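K.L.:
Take this structure, written in C-alpha cells, and hold onto it; I'll ask about it next.
The values are calculated or read from the model by the stated rules, or taken from the named source; none is laboratory data. Computed from a prediction, not measured in an experiment: that's the story for all the values here. We place every Cβ from the backbone using ideal geometry, glycine too, and count neighbours over all the protein chains shown.
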DNA sequence: GGCGGAGGTGAGAGCGCTCTCGGCGGCGCC
DNA sequence: GGCGCCGCCGAGAGCGCTCTCACCTCCGCC
C-alpha cells in the first residue's frame, strides 16, 4: 500500500533544470564536458527531486551491472561453522564497496544448485564472479567458464576443471605447512603426525605435500601411519586424533590441516590425558579468530591473511573488468605468504 | 578480447520459432494461453539458441528485481566472529533460492556507510530488505523507511526509530533469559550474576529484563552489583567476569548474554581457579555451534533457532512483496520460542 | 449456415537510460 | 575583420523486454 510515488526520472530532472536529458546524464556520470553553470543547475535539480538513477535502465544499455557474484560451493556443514568464509566475505565486501560494486551472494547446497548458479551467471546479472572452495571433481568451473563470466577463484583450482589460465588467489599452503613441520622438528619432535583436510581440495593437498616434503627431507622417510585423513571440521579432528592415538601412541606432535581440526584434536588429547605441548605439540592452520586464540591452551598456528585474500581477489577481478579482459602480462595466480604464529601449543 | 558473442535476444528466438516476440515472452513466463504446438516450437528455439532472458530489460518494465538486500549493520569486530550472522544468512539464502530470489549482501562498516545503504535501497535495485542488528539510536531504520522499500527486521527494533508497525522476527529473549535464571535458581544458586550485551540493542535489553524479572520474583530483590555490562564478545566477557569476581567473590552462577561472552567468562573463571559448574554455574545464550559445544566444559545455553529466524524473515518479506503490501491482518512481529540446552556448565 | 463470442496471436508502444552525431557558438589566427 | 576549428549541448535512436489492445480464427448455437 501507499505505493511510493514513482521515483523521478532523468526526464524530470532535465525539465526542472531546463536542459536536455543528455546533459543530466553527463552530469550524473561525472560531469565531463559540461560547463559550470549547467552543472550546478543540474546538481540542484537532482538534489531537490531526490533523483536516483534507475540501475536497470542503465544496465540495459551499458551492459554493466556494478555487481559481482560470490559463489561459495561448500557442503552446508562447513560453510558457516568455519569463520574462514566470513573473513573472506568481509575482505570482499570492503573492496567492493570501495569501488562502488554490489555483492550478490550465492550459496550452494549440494550439486543440484550448481546448475542454478551457472544459469544465474549466464543470465548476465553480474559483471564477474568470485568462486570459492572448489573440489577436484567439481563441475562448477566448467559451467562457469561456459557462462562466459570473468572469474577469480579463491584457492588454486585443481587441474581437473577449466583452463590452466584460470585466475586465482591462494595462500602459500605448501610453504606454510613446511614452516609448521620444520618448527616442530626444531622443537625436537620426531614422531610428527598430520591430520589432513579433504584431499580433493588443493589447499588440503598442498598442505599435505608440504608436510611430506619436510618429513622426507629431515626424517629421511615418513611413517605413513602418521598421516590420517579428515575433513576440516572439529568433529573430524576428534575422530582423526583418536585414530592417531590408537595407531601411534608414541606420537609427539600433530600438524593439523586447519584450526578447527586442531581444536578437535586438542580435546581428544586432553581426554586421553596427554599434556599439550609437553607430551604432544600441536600446530593448526589459518589462524581464524577467535577460535585459535581461545583454545585451551591457545593454539600455535600458521597464519594466512584471509581478509586480504578476499580483497585481492576482488581487486583482481575488478581490474580485469575495467580494462576489458585480463591484462596480457598479468599472472594467472597470486600466492600470499603465511607466517607462523606461536602461542602455547608448540 | 573474445568478447562472448552477444547473447541471443527474445527477437532472435521469435524469428527462429516463427512467432512474435509476445508469444515467446508468454512461453518463457509460464506459457499460459499459448497453444501446444507453438509452446513446443518456442521451447526448442530457446534451447537451441541457449537463450537466457536479460534481467535488466525485464526489470525495467516490471519493476521487479527478484532480489532482496540483506543489511548487516554491525561494528566490524562482531560481524564475523559471531557465527550468529552466518547462520541467519544460511536460513535466508535457503529460503531465497527456494523462491528464486537473489541475495544482495550489504555490510556496513560504521555510520558513514548508512547513507550509502540508504541510497542503494532507494535506488530500487532490490524488492525488499532484511535488516539486522539495529541499535536504539541507529538512524538506519528511518533512512530505510524513507527509501520506501519493504523491510523486515531481525530482532525487535527499538522504540526510537520507525513506526510501531515495523515488521520483525525475534526470539523470545526475555522468556529465554527467565528460563536460564530459573534453572540456576533450581540448582540452588543464590548469587546469580548477569553479564549483559550492549544495552542499546533490544535483544540484550530484553535478556537483562528477563533476568531482573526472575531475580525480583525469586530473590525479592537483586543485588545491582551482580549485573555487569559487556558487549557480546569473548574479550568483553573476560573483562566483565574479572570485574564480577572483584566485586562479588561469592558469585555462584553467571548468566551470560550470549555464548561468546560465556566463553570469555569461562576462561577467566578457570584462570581464577573456580571450578565450573561446582563453584560457579554458567549459562550462555544462542547455542551457536561449534562454540557452545566446544567450550571447556561444554556450555549450557539457551538455544534459539537462528537459521529458522532467517528463513522466517525471508518468507515474511516475500509474502508482502507478492501480495502487494503487507497483508492487513498480519502480525507486525513474530517471536520464536527458545529452549534450554543442558550441557556441563549448569 | 450465419452470427456472436471466446480464445490465441501479433503489432506496437513504451520502461529510463546512454551515446552518437549534428549544430551552434566562441575563440584564435592571418 | 573573416574563416576555421574546437568545445558544448540537444535531438533521437535504440538497449531487450512486457503488456495492452486489436485482430483473426474457430467453435457453438439458434
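K.L.:
Might you let me know whether the range A:20-43 holds any residue that is within 8 Å of DNA strand D (Cβ to nearest atom), on the phi > 0 side of the Ramachandran plot and at pLDDT 90 or above?
P.N.:
no
K.L.:
Just to be sure before I move on: is residue B:218 more than 19 Å from residue B:306 (Cβ to Cβ) and either buried (at least 21 other Cβ atoms within 10 Å of the Cβ) or not assigned by TED's automatic domain parsing to the domain that holds residue B:287 (or both) in the structure I sent? Give the steps one after another, and end with the answer.
P.N.:
Numbers: more than 19 Å from residue B:306 (Cβ to Cβ): yes; either buried (at least 21 other Cβ atoms within 10 Å of the Cβ) or not assigned by TED's automatic domain parsing to the domain that holds residue B:287 (or both): no.
Judged against the criteria, residue B:218 is not a match.
K.L.:
Okay, moving on. Residue A:172 passes all but one of (1) within 16 Å of the chain's Cα centre (by Cα); (2) at pLDDT below 95; (3) surrounded by fewer than 20 Cβ atoms within 10 Å (Cβ to Cβ); which number fails?
P.N.:
Only one criterion in (1) within 16 Å of the chain's Cα centre (by Cα); (2) at pLDDT below 95; (3) surrounded by fewer than 20 Cβ atoms within 10 Å (Cβ to Cβ) is unmet by residue A:172, namely (2).
K.L.:
In the range A:213-243, how many residues are out of contact with any helix residue (DSSP H, G or I) (no Cβ under 9 Å at 6 or more places or on another chain) and in contact (Cβ under 8 Å) with a residue 12 or more places away in the chain?
P.N.:
Residues in the range A:213-243 being out of contact with any helix residue (DSSP H, G or I) (no Cβ under 9 Å at 6 or more places or on another chain) and in contact (Cβ under 8 Å) with a residue 12 or more places away in the chain: 1 in total.
K.L.:
Out of the residues in the range A:14-49 meeting the condition of being within 12 Å of DNA strand C (Cβ to nearest atom) and within 14 Å of another protein chain (Cβ to nearest Cβ), tell me which one is farthest from residue B:143 (Cα to Cα).
P.N.:
A:28
K.L.:
Among the residues of the range A:306-341, how many are modelled with pLDDT of 90 or more and within 11 Å of residue A:169 (Cβ to Cβ)?
P.N.:
14
K.L.:
Looking at the structure I just gave you, is residue B:104 outside any helix (DSSP H, G or I), closer than 21 Å to residue A:113 by Cβ, more than 15 Å from DNA strand D (Cβ to nearest atom) and within 7 Å of chain A (Cβ to nearest Cβ)? Steps first, answer last, please.
P.N.:
Details: outside any helix (DSSP H, G or I): yes; closer than 21 Å to residue A:113 by Cβ: yes; more than 15 Å from DNA strand D (Cβ to nearest atom): yes; within 7 Å of chain A (Cβ to nearest Cβ): yes.
So residue B:104 passes the test.
K.L.:
Is it fair to say residue A:127 is modelled with pLDDT of 80 or more, under 30 Å from residue B:118 (Cα atoms) and surrounded by fewer than 19 Cβ atoms within 10 Å (Cβ to Cβ)?
P.N.:
Criteria not met by residue A:127.
K.L.:
Considering only the range B:50-67, how many residues are in a helix (DSSP H, G or I) and either more than 14 Å from chain A (Cβ to nearest Cβ) or within 12 Å of DNA strand C (Cβ to nearest atom) (or both)?
P.N.:
Within the range B:50-67, residues that are in a helix (DSSP H, G or I) and either more than 14 Å from chain A (Cβ to nearest Cβ) or within 12 Å of DNA strand C (Cβ to nearest atom) (or both) number 7.
K.L.:
Could you list, in sequence order, all residues of the range A:100-118 that are modelled with pLDDT under 90 and within 20 Å of residue B:72 (Cβ to Cβ)?
P.N.:
A:100, A:107
K.L.:
In the range B:25-68, which residue that is touching a residue at least 60 places away in the same chain (Cβ under 8 Å) and surrounded by fewer than 17 Cβ atoms within 10 Å (Cβ to Cβ) is nearest to residue A:54 (Cα to Cα)? Step through it out loud before you land on a result.
P.N.:
Going residue by residue through the range B:25-68, those that are touching a residue at least 60 places away in the same chain (Cβ under 8 Å) are B:63-68.
Remaining after also requiring surrounded by fewer than 17 Cβ atoms within 10 Å (Cβ to Cβ): B:63-64.
On the way: B:63: 10, B:64: 12 Å.
Going through the qualifying residues, I end up with B:63.
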